[in-house]
Amino acid sequence: MKDEKLDISIDQMSQDEVRTLAQWACSEGWNPGKADIELAWAFDPQAFIAMRRGDELIAAGTILSYGGQFGFMGLFIVRADLRGQGLGTQLWHHRRDRLLARLQPGATIGMDGVFDMVPFYTKGGFQFAWRDLRFEGIAHGHQDAQAIDLQSIPFEQVDRLDRRYFAFSRAPFLQSWIRQPGGQALGLIEAGELVAYGVVRPAQAGFKIGPVFARRADLAERLLGALFAKVEGHTVQLDVPEINEAALKLAVRFGLAESFGCARMYHGAAPQIEVSGVFGVTSFEFG
Ligand SMILES: CC(C)(COP(=O)(O)OP(=O)(O)OC[C@H]1O[C@@H](n2cnc3c(N)ncnc32)[C@H](O)[C@@H]1OP(=O)(O)O)[C@@H](O)C(=O)NCCC(=O)NCCS
């Protein structure tokens with residue numbers, strides 16, 4: 001897209017621009033995981049969209065495609081000095097339509113949007129699903145002798161469990177997510193089958209925990225305890241779907257307090273996921 005008169009264009013991002021977007025995300029206080037943006041870029045570089053005036057980056061956002069089956073919009077930011085002039089509206093509609101064109105017909109798009117923007121996204125065809133609440137505090141965990149390193153089991157088991165809570169295959173993304181630098185991925189096994197898994201990863205400040213998926217709340221409690229023990233005494237953030245009461249209770253029981261939140265919204269049919277097993281979402285930016 002190019003507006004010759006204003007010299008504004010929208011296109012894929014360069015790697016340098018991705019670094020600028022990462023800095024903008026930090027300035028917004030979103031505290032992305034240290035490797036999050038790099039991993040998403042490696043998985044789907046076409047998802048990174050830049051709005052430029054001349055050669056200058058003025059706004060950005062991502063439109064991840066999970067194998068064309070599911071999309072996710074995130075990291076929507078207009079440079080701070082240029083807000084409120086309609087640039088965001090122009091970029092957002094371009095990104096939505098560009099993502100729809102990248103997906104199979106009828107595929108759903110998800111997003112976690114700031115609460116103030118819900119009316120804008122609703123006008124753009126998204127429907128509110130639930131609130132994802134960010135909980136934050138100091139990690140106090142307990143070792144669990146049965147928690148295994150996720151890399152010690154065949155990845156197919158992780159992929160199978162993940163599908164219950166994410167709905168779509170995201171194997172290449174997940175493989176790099178669970179092996180990311182400074183991160184640790186743990187799982188719990190029952191009768192030879194993976195029944196819970198979670199990842200703790202370094203963020204700009206402290207650590208983030210996500211995803212945390214478990215077949216039952218008692219498994220989630222053991223898993224969270226083991227993940228917190230890995231970063232004992234450090235600040236942690238965990239993003240929890242408000243409609244999962246057991247997950248909210250666990251976050252509070254581990255001493256975390258609500259600090260921020262987003263509205264999970266979908267364009268198209270909401271995916272069939274077992275939200276009762278989502279004790280921590282992977283990330284607000286990528287789903
Ligand atoms: C959100 C953002 C990208 C919008 O870009 P922009 O160029 O300022 O947006 P526009 O001028 O095109 O306005 C777009 C809409 O957003 C609304 N909006 C923008 N900022 C808002 C805010 N803080 N609260 C409520 N609504 C807001 C505008 O009212 C407008 O809605 P309308 O069409 O219903 O009137 C920009 O304000 C920004 O970068 N904010 C900080 C990062 C952020 O919060 N991103 C969204 C994450 S979900």
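The values are calculated or read from the model by the stated rules, or taken from the named source; none is laboratory data. Computed from a prediction, not measured in an experiment: that's the story for all the values here. Every residue, glycine as well, gets a Cβ built from its backbone with ideal geometry; the counts of neighbours run over all protein chains shown. What goes into the accessible areas is simple: the full protein's heavy atoms, side chains included, and nothing from ligands, DNA or RNA. Shrake-Rupley method; radii C 1.70, N 1.55, O 1.52, S 1.80 Å.
Tell me yes or no: at least one residue of the stretch 123-135 is polar (S, T, N, Q), over 23 Å from Ala185 (Cβ atoms) and open to solvent by 30 Å² or more (accessible area, probe 1.4 Å). Checked the stretch 123-135: at least one residue is polar (S, T, N, Q), over 23 Å from Ala185 (Cβ atoms) and open to solvent by 30 Å² or more (accessible area, probe 1.4 Å).
Restricting attention to the stretch 245-255, the residues that are at negative phi and either assigned by TED's automatic domain parsing to the domain that holds Phe70 or open to solvent by 10 Å² or more (accessible area, probe 1.4 Å) (or both) add up to 7. Looking only at residues in the stretch 102-127 that are part of a helix (DSSP H, G or I) and under 21 Å from the mean Cα position of the chain (by Cα), which one is farthest from Phe284 (Cα to Cα)? The selected residue is Arg102.
Do the conditions hold for Phe120, that is, is it open to solvent by 20 Å² or more (accessible area, probe 1.4 Å), closer than 25 Å to Leu248 by Cα, within 16 Å of the ligand (Cβ to nearest atom) and at pLDDT 95 or above? It is false that Phe120 is open to solvent by 20 Å² or more (accessible area, probe 1.4 Å), closer than 25 Å to Leu248 by Cα, within 16 Å of the ligand (Cβ to nearest atom) and at pLDDT 95 or above.
Only one of the listed residues (Ile49, Ile37) is within 16 Å of the ligand (Cβ to nearest atom), among the hydrophobic types (A, V, I, L, M, F, W, C) and within 16 Å of Phe284 (Cβ to Cβ). That residue is Ile37. The set of residues in the stretch 3-32 being within 24 Å of the chain's Cα centre (by Cα), of a type in the set (A, V, I, L, M, F, W, C) and open to solvent by 50 Å² or more (accessible area, probe 1.4 Å) consists of Cys26 alone. Looking across Asp159, Asp97, Asp149, Asp112, one residue alone is open to solvent by 20 Å² or more (accessible area, probe 1.4 Å) and outside the structural domain of Ala220 (by TED's automatic domain parsing). It is Asp97. Restricting attention to the stretch 74-93, the residues that are more than 6 Å from the ligand (Cβ to nearest atom) and open to solvent by 40 Å² or more (accessible area, probe 1.4 Å) total 5. With respect to Gln184, is the statement that it is outside the structural domain of Met111 (by TED's automatic domain parsing) and either closer than 21 Å to Phe43 by Cβ or among the hydroxyl-bearing types (Ser, Thr, Tyr) (or both) true? So Gln184 passes the test.
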